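The values are calculated or read from the model by the stated rules, or taken from the named source; none is laboratory data. Since the structure is predicted, the reported quantities are computational estimates derived from the model, not experimental observations. Cβ placement follows ideal geometry from the backbone for every residue including glycine, while neighbour counts extend to all protein chains displayed.
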Amino acid sequence: MGDATKASYVRGVIEGFYGVYYTFAERDDLIRYIGSIGYNQYIYGPKNDRQHRMRWREPYPEDVMAAFSRTVRVARESGVSFCYSIGSGVTMSYASEEDFRLILRKFKAFYDIGVRDFSILLDDIASSFKHEADGARYATFAEAHADVCNRLYAELQTWDSACTLSLCPTDYHGKAPFSPYLHELGEKLHPRVDIFYTGEEICSTAIRRSDAEAFALAARRPPVIWDNYPVNDLAMRPELHVGPIRGRESGVLAATRGYVVNAMAECEASKLALRTFADYFDDPEGYDADRSWANAIEEICGERSAPAFRTFAENSLESCLREPNSVKLRELLDAAMLRLRAGSSDNEEVRALGAYLTELDEACYHLKNRMYNTALRNNLLPWIEVLEHWLWMARRALLVLEAAQRGEDFKQPLGWMKESLGEIDKHPKRMTDGSLRELAALALETAEAARTAGKESDER
């Protein structure tokens, strides 16, 4: 991209997830941060803000609008445009002039505090009319969406020609030839209204230039990519997405009007992936995910805590990116399991696994008690907790196997191991690739075999 193109290209973050959304203090801090690393837009659209989505017709309370006004000022001072979005598609009637007026009223409240960028999110809704009047006025869903957006855009332009409007359509992912809805929407929608696209999937493993170009043909305009990494809402809530962005072709930026990143509910932890996206935006051809991630970890965690975080994070790579998770743990476990299955619990391979479990434990302790970035520490705590359960389970499994090999009583460590397994099974978060369950299974199998052998011996 040339310098002029870079200046107008949207590099954004969207607060667009389901669940508990950011406090104003968190949001202001994140806006300052993204402005410092080259982002130029922040889109407000958390699904669980009732005045944004389920009760979008209601105005925000005065004190909340005052807080939004301060955030808009923070964004301006940070070189970031604040975009307000509304998720009205859940309940609105497209034929209703009253509903249209209420959207404008909501937009006008934000216009009055300095907002010039707006978005309407018509995603995650049923693709059929809910109101009889809509079916009477419009032949298709796409016609209704295009008409509402075109009228909104026309009204915004009367306020200020600098106003922009973007749309998340109901069909926002997929591959060629795409749906009839998208083709009709592209045909009827004003060409200056941008359309979001998440790639072939809602959470795409890869986004290619060809994906964007195919979407552009259907929608009759280059898309704005809405990247659903590192977001971790809904079925992904057990996951912590702190790895670098991967799988995005260098040519994607040249085939799009912009690129926005959907952050996690964990605001501070989101900065790790966002920092790597910034490197990708700056130099898509030369982007090196591993180098970018190492730099991001040191910047956000601090040099002192970077090694501990790296050790922890290498066991938290489960995501739509399908990056191998817990690689070192898996290698050490496989080597140890060969020796343990052969009946040897005292060998180099088992000691190496034990040493790594200790390394992980020390990393968890440091992140909980010694890391200066307390906001990040607080984000990580639930995942640190479940990782500790895994470590204690594995250590206790090794104690069972060692005791069984020596012919000693293993009842106590076996009970502890089962307790740890119970804690893991009921915990709402996930860490590691789960391979340590093989160690627990071997300990249970060995314990049962020892009990059976003891019972047979007693009977004889």
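Quick notes on this structure:
- Some residue of region 282-292 being more than 24 Å from residue 23 (Cβ to Cβ), of a type in the set (Gly, Ala, Ser) and not in a helix (DSSP H, G or I): yes
- Of all the listed residues (257, 322, 310, 275), the sole one being basic (Lys, Arg), surrounded by fewer than 23 Cβ atoms within 10 Å (Cβ to Cβ) and touching an Asp or Glu at 6+ places or on another chain (Cβ under 6 Å) is 257.
- Of the helices (runs of 4 or more DSSP H) lying entirely inside region 34-141, the ones with 3 or more residues being in the same structural domain as residue 22 (by TED's automatic domain parsing) and crowded, with 17+ Cβ neighbours inside 10 Å are found at 62-77, 97-111.
- Criterion (among the charged types (D, E, K, R), within 12 Å of residue 174 (Cα to Cα) and in contact (Cβ under 8 Å) with a residue 24 or more places away in the chain) met by exactly one of 233, 227, 211: 211
- Any chance residue 252 is outside any helix (DSSP H, G or I), under 30 Å from residue 162 (Cβ atoms) and at pLDDT 95 or above: no
- Every residue from region 142-170 that is surrounded by 22 or more Cβ atoms within 10 Å (Cβ to Cβ) and either at pLDDT below 95 or assigned to a loop (DSSP other than H, G, I, E, B) (or both): 169
- Qualifying residue in region 359-373 (condition: loosely packed, with under 14 Cβ neighbours inside 10 Å, of a type in the set (Ser, Thr, Tyr) and farther than 15 Å from residue 387 by Cβ): yes
- The requirement of being within 26 Å of the chain's Cα centre (by Cα) and at positive phi is fulfilled nowhere in region 344-365; no residue meets it.
- Number of the exception - residue 345 against (1) within 19 Å of residue 272 (Cβ to Cβ); (2) outside any helix (DSSP H, G or I): (1)
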